[in-house]
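The values are calculated or read from the model by the stated rules, or taken from the named source; none is laboratory data. Predicted model only: the values in this text are computed from it and were never measured. Cβ: placed from backbone, ideal geometry, glycine included. Neighbour counts: every protein chain shown. Areas reflect the complete protein model, heavy atoms only, side chains present, ligands, DNA and RNA absent. Shrake-Rupley method; radii C 1.70, N 1.55, O 1.52, S 1.80 Å.
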Amino acid sequence: MPENQYTEYKEVWKDDYLKWIAGFANAQGGALYVGVDDAGTVVGSPNARRLLEDIPNSVVNTLGIVVDVNLRNENGKDYLEILVHRSSYPVNYHGEFFYRTGSTLQQLRVAALNEFLMRKTGAKWDAVPVDGITVQDLDYESLSIFRREAVRSKRMSEVDVSVPDEELLEKLGLMDGGRLKRTAVLLFYRNPGRFITGSYVKIGKFGEGPDLQYQDTMEESLMLTADRIVQLIYLKYLKGIITYDKEIRIENYPYAREAVREAIYNALIHNQWESGVPIQIRIQDDCMLISNSCVLPEGWTAENLLGPHKSVPYNPDIANTFYRAGYIESWGRGIQKIEAACAALGAEPLEYEVLGNGITLKLKAHNVEVEADAFDHSDLSGHDQINDQINVQIKEPMNTDLEDKLLSLLKQKPTITMPEMAEALGVSEKTIQRSLDLLRDDKRVVREGSRKAGFWRVVE
(Lines give C-alpha, C1' and ligand atoms only; values in the text may rest on other atoms or scores of the structure.)
Protein backbone atom coordinates (compact mmCIF):
# COMPACT_ATOMS: atom_id res chain seq x y z
CA MET A 1 0.00 0.00 0.00
CA PRO A 2 1.48 3.43 -0.91
CA GLU A 3 1.92 6.22 1.62
CA ASN A 4 -1.17 8.35 2.22
CA GLN A 5 -2.79 10.67 4.74
CA TYR A 6 -2.65 8.00 7.43
CA THR A 7 0.48 6.00 6.55
CA GLU A 8 4.20 6.82 6.50
CA TYR A 9 7.14 4.42 5.86
CA LYS A 10 10.72 4.77 7.16
CA GLU A 11 13.51 2.25 6.58
CA VAL A 12 15.41 3.23 9.76
CA TRP A 13 14.45 5.19 12.85
CA LYS A 14 15.78 8.71 13.48
CA ASP A 15 14.78 10.91 16.42
CA ASP A 16 13.89 13.60 13.87
CA TYR A 17 10.92 11.42 12.88
CA LEU A 18 9.17 12.58 16.05
CA LYS A 19 8.05 15.43 13.74
CA TRP A 20 5.99 12.92 11.77
CA ILE A 21 4.38 11.61 14.94
CA ALA A 22 3.52 15.18 15.98
CA GLY A 23 2.10 15.81 12.50
CA PHE A 24 -0.17 12.75 12.72
CA ALA A 25 -1.31 13.77 16.23
CA ASN A 26 -2.17 17.28 15.08
CA ALA A 27 -4.10 15.98 12.06
CA GLN A 28 -6.28 12.86 11.94
CA GLY A 29 -3.87 10.36 13.46
CA GLY A 30 -2.10 7.63 11.52
CA ALA A 31 0.59 4.95 11.50
CA LEU A 32 4.36 5.24 11.02
CA TYR A 33 6.20 2.04 10.07
CA VAL A 34 9.93 1.60 10.77
CA GLY A 35 11.76 -1.02 8.69
CA VAL A 36 9.59 -0.51 5.59
CA ASP A 37 10.73 1.17 2.36
CA ASP A 38 8.82 3.78 0.35
CA ALA A 39 7.15 1.10 -1.76
CA GLY A 40 5.68 -0.53 1.36
CA THR A 41 8.06 -3.51 1.29
CA VAL A 42 9.31 -4.77 4.65
CA VAL A 43 13.12 -4.51 4.74
CA GLY A 44 13.46 -5.08 8.48
CA SER A 45 14.85 -3.06 11.36
CA PRO A 46 17.82 -4.78 13.08
CA ASN A 47 17.32 -2.86 16.32
CA ALA A 48 13.53 -3.11 16.38
CA ARG A 49 13.36 -4.73 19.82
CA ARG A 50 15.45 -1.97 21.42
CA LEU A 51 13.36 0.71 19.68
CA LEU A 52 10.26 -0.97 21.06
CA GLU A 53 11.22 0.63 24.39
CA ASP A 54 13.14 3.72 23.24
CA ILE A 55 10.48 5.21 20.93
CA PRO A 56 7.59 5.32 23.45
CA ASN A 57 9.90 7.03 25.98
CA SER A 58 11.11 9.59 23.41
CA VAL A 59 7.53 10.37 22.35
CA VAL A 60 6.36 10.93 25.93
CA ASN A 61 9.40 13.00 26.92
CA THR A 62 9.51 15.16 23.77
CA LEU A 63 5.88 15.40 22.62
CA GLY A 64 3.97 14.72 25.81
CA ILE A 65 1.67 12.13 24.21
CA VAL A 66 1.35 8.36 24.29
CA VAL A 67 1.51 6.20 21.16
CA ASP A 68 1.10 2.46 20.59
CA VAL A 69 4.33 0.81 19.38
CA ASN A 70 3.92 -2.75 18.09
CA LEU A 71 6.60 -5.22 17.01
CA ARG A 72 5.67 -6.90 13.73
CA ASN A 73 7.41 -9.62 11.70
CA GLU A 74 7.14 -10.53 8.04
CA ASN A 75 9.24 -13.20 6.33
CA GLY A 76 11.53 -13.31 9.37
CA LYS A 77 12.13 -9.54 9.34
CA ASP A 78 11.20 -7.43 12.37
CA TYR A 79 9.64 -4.01 11.85
CA LEU A 80 7.72 -1.55 14.03
CA GLU A 81 4.20 -0.18 13.76
CA ILE A 82 3.72 3.14 15.59
CA LEU A 83 0.02 4.00 15.93
CA VAL A 84 -0.63 7.70 16.59
CA HIS A 85 -4.01 8.88 17.81
CA ARG A 86 -5.44 12.26 16.98
CA SER A 87 -4.70 14.74 19.77
CA SER A 88 -7.38 17.05 21.14
CA TYR A 89 -4.74 19.70 21.91
CA PRO A 90 -1.79 21.09 19.89
CA VAL A 91 1.38 18.95 19.91
CA ASN A 92 4.71 20.66 19.28
CA TYR A 93 8.18 19.31 18.51
CA HIS A 94 10.77 21.57 20.15
CA GLY A 95 8.40 24.52 19.87
CA GLU A 96 7.47 23.91 16.22
CA PHE A 97 4.12 22.62 14.98
CA PHE A 98 3.71 20.10 12.16
CA TYR A 99 0.65 18.79 10.38
CA ARG A 100 0.10 15.70 8.23
CA THR A 101 -1.72 16.45 4.98
CA GLY A 102 -1.88 13.97 2.12
CA SER A 103 1.43 12.10 2.17
CA THR A 104 3.42 15.17 3.22
CA LEU A 105 4.47 16.79 6.48
CA GLN A 106 3.87 20.53 6.66
CA GLN A 107 5.31 22.93 9.21
CA LEU A 108 2.63 25.38 10.29
CA ARG A 109 3.58 29.03 10.15
CA VAL A 110 1.94 32.45 10.70
CA ALA A 111 -1.72 32.40 9.57
CA ALA A 112 -1.93 28.62 9.24
CA LEU A 113 -0.45 28.20 12.71
CA ASN A 114 -2.80 30.78 14.23
CA GLU A 115 -5.81 29.09 12.67
CA PHE A 116 -4.65 25.66 13.80
CA LEU A 117 -4.05 26.75 17.40
CA MET A 118 -7.40 28.50 17.63
CA ARG A 119 -9.19 25.49 16.15
CA LYS A 120 -7.50 23.12 18.59
CA THR A 121 -8.26 25.34 21.57
CA GLY A 122 -11.84 26.06 20.50
CA ALA A 123 -11.20 29.78 19.94
CA LYS A 124 -12.28 31.64 16.80
CA TRP A 125 -10.25 34.27 14.97
CA ASP A 126 -13.19 36.61 14.55
CA ALA A 127 -13.92 36.57 18.31
CA VAL A 128 -10.55 38.05 19.38
CA PRO A 129 -10.83 41.58 20.89
CA VAL A 130 -9.07 44.50 19.17
CA ASP A 131 -7.19 47.26 20.98
CA GLY A 132 -7.09 50.89 19.87
CA ILE A 133 -10.72 51.20 18.75
CA THR A 134 -13.97 51.95 20.57
CA VAL A 135 -17.68 51.82 19.80
CA GLN A 136 -17.59 55.56 19.09
CA ASP A 137 -15.17 54.92 16.20
CA LEU A 138 -17.64 52.72 14.33
CA ASP A 139 -19.44 53.92 11.20
CA TYR A 140 -22.91 55.37 11.73
CA GLU A 141 -24.11 54.42 8.23
CA SER A 142 -22.99 50.81 8.61
CA LEU A 143 -24.86 50.46 11.89
CA SER A 144 -27.92 52.15 10.36
CA ILE A 145 -27.94 49.68 7.47
CA PHE A 146 -27.88 46.77 9.91
CA ARG A 147 -30.74 48.21 11.97
CA ARG A 148 -32.81 48.79 8.83
CA GLU A 149 -32.23 45.32 7.39
CA ALA A 150 -32.69 43.50 10.72
CA VAL A 151 -36.12 45.08 11.14
CA ARG A 152 -37.05 44.55 7.49
CA SER A 153 -36.18 40.86 7.72
CA LYS A 154 -38.11 40.58 11.00
CA ARG A 155 -35.10 38.92 12.62
CA MET A 156 -35.05 41.77 15.16
CA SER A 157 -37.74 44.23 16.24
CA GLU A 158 -37.68 48.01 16.34
CA VAL A 159 -37.34 47.74 20.11
CA ASP A 160 -34.35 45.39 19.73
CA VAL A 161 -32.40 47.78 17.49
CA SER A 162 -33.49 51.10 19.04
CA VAL A 163 -30.82 50.88 21.72
CA PRO A 164 -27.40 52.50 22.07
CA ASP A 165 -24.72 51.11 19.77
CA GLU A 166 -22.82 49.42 22.57
CA GLU A 167 -25.93 47.60 23.79
CA LEU A 168 -26.74 46.49 20.24
CA LEU A 169 -23.22 45.11 19.79
CA GLU A 170 -23.49 43.28 23.11
CA LYS A 171 -26.73 41.68 21.90
CA LEU A 172 -24.96 40.53 18.76
CA GLY A 173 -22.08 39.05 20.76
CA LEU A 174 -19.56 41.41 19.18
CA MET A 175 -17.95 42.65 22.39
CA ASP A 176 -15.71 40.97 24.92
CA GLY A 177 -15.07 42.61 28.26
CA GLY A 178 -16.03 46.03 26.93
CA ARG A 179 -13.74 45.71 23.89
CA LEU A 180 -14.80 45.28 20.26
CA LYS A 181 -14.18 41.91 18.65
CA ARG A 182 -12.55 41.65 15.24
CA THR A 183 -15.99 40.91 13.83
CA ALA A 184 -17.28 44.30 14.94
CA VAL A 185 -14.36 46.03 13.22
CA LEU A 186 -14.91 44.10 9.98
CA LEU A 187 -18.64 44.69 10.00
CA PHE A 188 -18.99 48.27 11.19
CA TYR A 189 -15.68 50.16 10.97
CA ARG A 190 -15.42 52.34 7.87
CA ASN A 191 -11.83 51.32 7.10
CA PRO A 192 -11.26 47.82 8.55
CA GLY A 193 -7.99 47.51 6.62
CA ARG A 194 -6.42 49.77 9.23
CA PHE A 195 -6.62 46.87 11.69
CA ILE A 196 -7.01 43.81 9.43
CA THR A 197 -4.83 43.55 6.33
CA GLY A 198 -6.59 42.44 3.15
CA SER A 199 -10.10 43.08 4.45
CA TYR A 200 -11.60 44.21 1.15
CA VAL A 201 -13.16 42.89 -2.06
CA LYS A 202 -11.66 43.28 -5.54
CA ILE A 203 -13.89 43.21 -8.62
CA GLY A 204 -12.48 43.08 -12.13
CA LYS A 205 -13.91 42.90 -15.65
CA PHE A 206 -11.67 40.79 -17.89
CA GLY A 207 -11.48 40.20 -21.60
CA GLU A 208 -9.32 37.44 -23.00
CA GLY A 209 -6.79 35.96 -20.56
CA PRO A 210 -5.10 38.64 -18.42
CA ASP A 211 -6.84 41.53 -20.22
CA LEU A 212 -8.12 43.57 -17.26
CA GLN A 213 -10.52 46.17 -18.63
CA TYR A 214 -11.60 47.93 -15.44
CA GLN A 215 -11.89 47.20 -11.74
CA ASP A 216 -13.06 48.35 -8.31
CA THR A 217 -11.95 47.72 -4.76
CA MET A 218 -14.47 47.85 -1.94
CA GLU A 219 -12.50 48.72 1.18
CA GLU A 220 -15.37 49.75 3.41
CA SER A 221 -17.09 47.86 6.22
CA LEU A 222 -18.56 44.45 5.41
CA MET A 223 -22.02 45.86 6.10
CA LEU A 224 -21.57 48.60 3.48
CA THR A 225 -20.04 46.07 1.08
CA ALA A 226 -22.95 43.65 1.54
CA ASP A 227 -25.44 46.46 1.01
CA ARG A 228 -23.88 47.76 -2.23
CA ILE A 229 -21.78 45.15 -3.99
CA VAL A 230 -24.48 43.29 -5.91
CA GLN A 231 -25.98 46.52 -7.18
CA LEU A 232 -22.54 47.74 -8.25
CA ILE A 233 -21.93 44.55 -10.24
CA TYR A 234 -25.28 44.72 -12.02
CA LEU A 235 -25.06 48.45 -12.77
CA LYS A 236 -21.44 48.61 -13.87
CA TYR A 237 -20.25 45.14 -14.84
CA LEU A 238 -23.22 43.44 -16.50
CA LYS A 239 -25.41 44.33 -19.43
CA GLY A 240 -29.08 43.38 -19.32
CA ILE A 241 -30.76 42.24 -22.52
CA ILE A 242 -34.03 44.11 -22.90
CA THR A 243 -37.20 42.25 -23.90
CA TYR A 244 -40.87 43.17 -23.65
CA ASP A 245 -43.95 41.28 -22.57
CA LYS A 246 -46.63 43.49 -24.09
CA GLU A 247 -45.93 46.88 -22.47
CA ILE A 248 -43.82 45.45 -19.65
CA ARG A 249 -40.07 45.95 -19.99
CA ILE A 250 -38.00 42.95 -18.85
CA GLU A 251 -34.24 43.00 -18.26
CA ASN A 252 -32.49 39.64 -18.64
CA TYR A 253 -29.02 39.23 -17.14
CA PRO A 254 -26.47 36.45 -17.73
CA TYR A 255 -26.41 35.56 -14.02
CA ALA A 256 -29.23 34.97 -11.58
CA ARG A 257 -29.14 37.86 -9.13
CA GLU A 258 -30.02 35.62 -6.18
CA ALA A 259 -27.16 33.27 -7.07
CA VAL A 260 -24.63 36.11 -7.27
CA ARG A 261 -25.88 37.61 -4.03
CA GLU A 262 -25.76 34.30 -2.15
CA ALA A 263 -22.32 33.42 -3.51
CA ILE A 264 -20.81 36.75 -2.48
CA TYR A 265 -22.36 36.64 0.99
CA ASN A 266 -21.02 33.10 1.44
CA ALA A 267 -17.54 34.37 0.57
CA LEU A 268 -17.82 37.28 3.03
CA ILE A 269 -18.92 34.95 5.83
CA HIS A 270 -16.50 32.07 5.25
CA ASN A 271 -13.43 34.01 4.13
CA GLN A 272 -10.26 33.41 6.14
CA TRP A 273 -9.75 37.13 6.79
CA GLU A 274 -6.57 36.57 8.80
CA SER A 275 -4.85 35.32 5.63
CA GLY A 276 -4.49 38.92 4.42
CA VAL A 277 -5.83 37.96 0.97
CA PRO A 278 -8.91 39.88 -0.26
CA ILE A 279 -11.96 38.29 -1.84
CA GLN A 280 -11.67 38.49 -5.62
CA ILE A 281 -14.51 38.56 -8.15
CA ARG A 282 -13.44 38.05 -11.76
CA ILE A 283 -16.14 38.77 -14.34
CA GLN A 284 -15.67 37.50 -17.89
CA ASP A 285 -18.04 37.22 -20.83
CA ASP A 286 -18.65 33.54 -20.19
CA CYS A 287 -18.39 33.21 -16.40
CA MET A 288 -18.02 34.86 -13.01
CA LEU A 289 -15.36 33.56 -10.60
CA ILE A 290 -15.69 34.34 -6.89
CA SER A 291 -12.58 33.38 -4.89
CA ASN A 292 -11.75 33.57 -1.20
CA SER A 293 -9.33 32.07 1.29
CA CYS A 294 -10.88 29.30 3.30
CA VAL A 295 -10.41 26.57 5.87
CA LEU A 296 -12.91 23.80 5.24
CA PRO A 297 -14.26 21.81 8.19
CA GLU A 298 -12.11 18.73 8.79
CA GLY A 299 -12.76 16.01 6.25
CA TRP A 300 -14.75 18.26 3.90
CA THR A 301 -14.16 18.53 0.15
CA ALA A 302 -15.78 20.49 -2.69
CA GLU A 303 -18.21 17.57 -3.05
CA ASN A 304 -19.42 18.13 0.53
CA LEU A 305 -20.15 21.76 -0.28
CA LEU A 306 -22.25 20.90 -3.31
CA GLY A 307 -24.39 18.42 -1.37
CA PRO A 308 -26.69 18.89 1.63
CA HIS A 309 -24.62 19.83 4.67
CA LYS A 310 -24.97 21.46 8.05
CA SER A 311 -24.06 25.10 8.51
CA VAL A 312 -20.46 25.38 9.80
CA PRO A 313 -19.45 29.04 9.34
CA TYR A 314 -15.74 29.77 9.61
CA ASN A 315 -16.61 33.16 11.15
CA PRO A 316 -19.67 32.44 13.32
CA ASP A 317 -20.01 36.01 14.63
CA ILE A 318 -20.09 37.40 11.09
CA ALA A 319 -22.58 34.71 10.09
CA ASN A 320 -24.83 35.53 13.05
CA THR A 321 -24.85 39.25 12.18
CA PHE A 322 -25.62 38.54 8.51
CA TYR A 323 -28.40 36.21 9.62
CA ARG A 324 -29.90 38.90 11.86
CA ALA A 325 -29.78 41.30 8.92
CA GLY A 326 -31.68 38.80 6.78
CA TYR A 327 -28.79 38.35 4.35
CA ILE A 328 -28.48 34.57 4.86
CA GLU A 329 -30.25 31.53 6.19
CA SER A 330 -28.75 29.54 9.05
CA TRP A 331 -29.24 26.02 7.76
CA GLY A 332 -26.37 25.51 5.32
CA ARG A 333 -28.69 25.98 2.32
CA GLY A 334 -26.63 28.62 0.53
CA ILE A 335 -25.26 26.31 -2.16
CA GLN A 336 -28.69 24.79 -2.80
CA LYS A 337 -30.14 28.30 -3.20
CA ILE A 338 -27.42 29.20 -5.71
CA GLU A 339 -28.05 26.01 -7.68
CA ALA A 340 -31.81 26.60 -7.69
CA ALA A 341 -31.37 30.19 -8.92
CA CYS A 342 -29.03 29.05 -11.71
CA ALA A 343 -31.46 26.30 -12.73
CA ALA A 344 -34.39 28.73 -12.79
CA LEU A 345 -32.43 30.98 -15.15
CA GLY A 346 -31.49 28.02 -17.34
CA ALA A 347 -27.76 28.45 -16.65
CA GLU A 348 -25.32 25.56 -16.32
CA PRO A 349 -24.66 24.18 -12.80
CA LEU A 350 -22.13 26.02 -10.67
CA GLU A 351 -18.66 24.60 -10.04
CA TYR A 352 -16.37 24.68 -6.99
CA GLU A 353 -12.60 24.30 -6.96
CA VAL A 354 -10.59 23.92 -3.75
CA LEU A 355 -6.87 24.54 -4.17
CA GLY A 356 -4.69 24.85 -1.08
CA ASN A 357 -6.24 27.45 1.22
CA GLY A 358 -8.33 28.95 -1.56
CA ILE A 359 -11.78 28.17 -2.89
CA THR A 360 -13.32 29.42 -6.14
CA LEU A 361 -16.97 29.31 -7.15
CA LYS A 362 -17.66 29.47 -10.88
CA LEU A 363 -20.99 30.76 -12.17
CA LYS A 364 -21.46 30.21 -15.89
CA ALA A 365 -23.13 32.96 -17.90
CA HIS A 366 -26.44 32.26 -19.61
CA ASN A 367 -26.90 33.34 -23.25
CA VAL A 368 -23.46 34.95 -23.35
CA GLU A 369 -23.41 34.96 -27.13
CA VAL A 370 -25.88 37.87 -27.29
CA GLU A 371 -24.37 39.95 -24.50
CA ALA A 372 -22.17 43.01 -24.62
CA ASP A 373 -20.24 44.97 -22.02
CA ALA A 374 -22.21 47.37 -19.88
CA PHE A 375 -20.13 50.29 -21.23
CA ASP A 376 -18.11 51.41 -24.20
CA HIS A 377 -14.58 51.05 -22.91
CA SER A 378 -12.79 52.39 -25.96
CA ASP A 379 -11.36 55.23 -23.86
CA LEU A 380 -9.98 52.90 -21.17
CA SER A 381 -7.09 51.35 -23.10
CA GLY A 382 -4.16 50.94 -20.78
CA HIS A 383 -6.22 51.75 -17.71
CA ASP A 384 -5.05 49.63 -14.80
CA GLN A 385 -5.53 51.79 -11.71
CA ILE A 386 -7.62 50.32 -8.91
CA ASN A 387 -10.45 52.58 -7.73
CA ASP A 388 -10.15 53.63 -4.13
CA GLN A 389 -13.86 53.31 -3.20
CA ILE A 390 -17.11 51.89 -4.50
CA ASN A 391 -18.16 55.47 -5.32
CA VAL A 392 -15.31 55.95 -7.80
CA GLN A 393 -16.30 57.70 -10.99
CA ILE A 394 -16.84 55.90 -14.29
CA LYS A 395 -15.58 57.78 -17.32
CA GLU A 396 -17.75 55.95 -19.85
CA PRO A 397 -21.04 57.17 -21.30
CA MET A 398 -24.03 56.39 -19.12
CA ASN A 399 -25.64 53.03 -19.85
CA THR A 400 -29.35 52.64 -20.46
CA ASP A 401 -29.89 50.54 -17.31
CA LEU A 402 -28.67 53.38 -15.10
CA GLU A 403 -30.63 55.90 -17.16
CA ASP A 404 -33.90 53.99 -16.73
CA LYS A 405 -33.36 53.47 -13.01
CA LEU A 406 -32.60 57.16 -12.54
CA LEU A 407 -35.72 58.21 -14.46
CA SER A 408 -37.80 55.83 -12.36
CA LEU A 409 -36.42 57.40 -9.17
CA LEU A 410 -37.22 60.91 -10.38
CA LYS A 411 -40.79 59.91 -11.21
CA GLN A 412 -41.32 58.30 -7.81
CA LYS A 413 -39.78 61.17 -5.84
CA PRO A 414 -39.36 64.42 -7.81
CA THR A 415 -37.75 66.14 -4.79
CA ILE A 416 -35.06 63.50 -4.35
CA THR A 417 -31.55 64.86 -3.78
CA MET A 418 -28.39 63.78 -5.57
CA PRO A 419 -26.93 62.09 -2.47
CA GLU A 420 -30.17 60.10 -2.15
CA MET A 421 -29.98 59.13 -5.85
CA ALA A 422 -26.36 58.03 -5.45
CA GLU A 423 -27.17 55.92 -2.39
CA ALA A 424 -30.24 54.33 -4.03
CA LEU A 425 -28.32 53.37 -7.19
CA GLY A 426 -25.00 52.49 -5.55
CA VAL A 427 -22.94 54.97 -7.60
CA SER A 428 -21.18 58.24 -6.88
CA GLU A 429 -22.75 61.70 -6.85
CA LYS A 430 -20.51 62.70 -9.77
CA THR A 431 -21.88 59.79 -11.77
CA ILE A 432 -25.41 61.00 -10.94
CA GLN A 433 -24.48 64.56 -11.90
CA ARG A 434 -23.07 63.41 -15.25
CA SER A 435 -26.14 61.27 -15.91
CA LEU A 436 -28.50 64.13 -15.10
CA ASP A 437 -26.56 66.43 -17.43
CA LEU A 438 -26.96 63.93 -20.26
CA LEU A 439 -30.69 63.57 -19.58
CA ARG A 440 -31.13 67.34 -19.48
CA ASP A 441 -29.18 67.73 -22.73
CA ASP A 442 -31.56 65.20 -24.30
CA LYS A 443 -34.48 67.21 -22.86
CA ARG A 444 -35.75 64.14 -20.97
CA VAL A 445 -35.46 65.78 -17.56
CA VAL A 446 -36.15 69.36 -16.49
CA ARG A 447 -35.31 71.01 -13.20
CA GLU A 448 -38.18 73.18 -11.97
CA GLY A 449 -37.86 75.83 -9.26
CA SER A 450 -34.83 76.78 -7.20
CA ARG A 451 -31.88 74.57 -6.41
CA LYS A 452 -32.98 74.05 -2.82
CA ALA A 453 -36.77 74.12 -3.12
CA GLY A 454 -37.22 72.82 -6.66
CA PHE A 455 -38.05 69.39 -8.12
CA TRP A 456 -37.31 67.16 -11.09
CA ARG A 457 -39.80 66.76 -13.91
CA VAL A 458 -39.49 63.83 -16.28
CA VAL A 459 -40.49 64.71 -19.83
CA GLU A 460 -42.56 61.84 -21.22
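Scanning region 96-144 for residues that are open to solvent by less than 50 Å² (accessible area, probe 1.4 Å), basic (Lys, Arg) and assigned to a helix (DSSP H, G or I) yields a count of 1. Assess whether Leu305 counts as being hydrophobic (A, V, I, L, M, F, W, C), part of a helix (DSSP H, G or I) and modelled with pLDDT under 85. In short, yes.
Which of the residues belonging to region 31-65 are open to solvent by 10 Å² or more (accessible area, probe 1.4 Å), touching an Asp or Glu at 6+ places or on another chain (Cβ under 7 Å) and on the phi > 0 side of the Ramachandran plot? Matches in region 31-65: Gly44 only. For Arg152, the conditions (1) surrounded by 13 or more Cβ atoms within 10 Å (Cβ to Cβ); (2) touching a residue at least 24 places away in the same chain (Cβ under 8 Å) all hold with the exception of (1).
Can you pull out every residue in region 1-30 that is among the hydroxyl-bearing types (Ser, Thr, Tyr) and open to solvent by less than 50 Å² (accessible area, probe 1.4 Å)? If the condition is that a residue be among the hydroxyl-bearing types (Ser, Thr, Tyr) and open to solvent by less than 50 Å² (accessible area, probe 1.4 Å), then Thr7, Tyr9, Tyr17 are the ones that fit. Scanning for something surrounded by 14 or more Cβ atoms within 10 Å (Cβ to Cβ), in contact with a helix residue (DSSP H, G or I) (Cβ under 6 Å, 6 or more places away or on another chain) and among the hydroxyl-bearing types (Ser, Thr, Tyr), does region 186-197 turn up at least one residue? There is no residue in region 186-197 that is surrounded by 14 or more Cβ atoms within 10 Å (Cβ to Cβ), in contact with a helix residue (DSSP H, G or I) (Cβ under 6 Å, 6 or more places away or on another chain) and among the hydroxyl-bearing types (Ser, Thr, Tyr). Of all residues in region 66-95, those satisfying the criterion of being touching a residue at least 40 places away in the same chain (Cβ under 8 Å) and either open to solvent by 80 Å² or more (accessible area, probe 1.4 Å) or over 30 Å from Tyr314 (Cβ atoms) (or both) are Val67, Lys77, Asp78, Tyr79, Leu80, Glu81, Ile82, Leu83, His85, Arg86. Checking every residue in region 259-272 against the condition of being open to solvent by 10 Å² or more (accessible area, probe 1.4 Å) and of a type in the set (Asp, Glu) gives zero matches.
For region 199-215, filtering for residues that are crowded, with 17+ Cβ neighbours inside 10 Å and of a type in the set (Gly, Ala, Ser) leaves 2. Count of region 1-59 residues, restricted to those that are out of contact with any Phe, Trp or Tyr (no Cβ under 6 Å at 6 or more places or on another chain), more than 14 Å from His85 (Cα to Cα) and hydroxyl-bearing (Ser, Thr, Tyr), is 3.
The listed residues are Asp131, Asp139, and the only one of them that is at pLDDT below 90 and over 19 Å from Leu18 (Cβ atoms) turns out to be Asp131.
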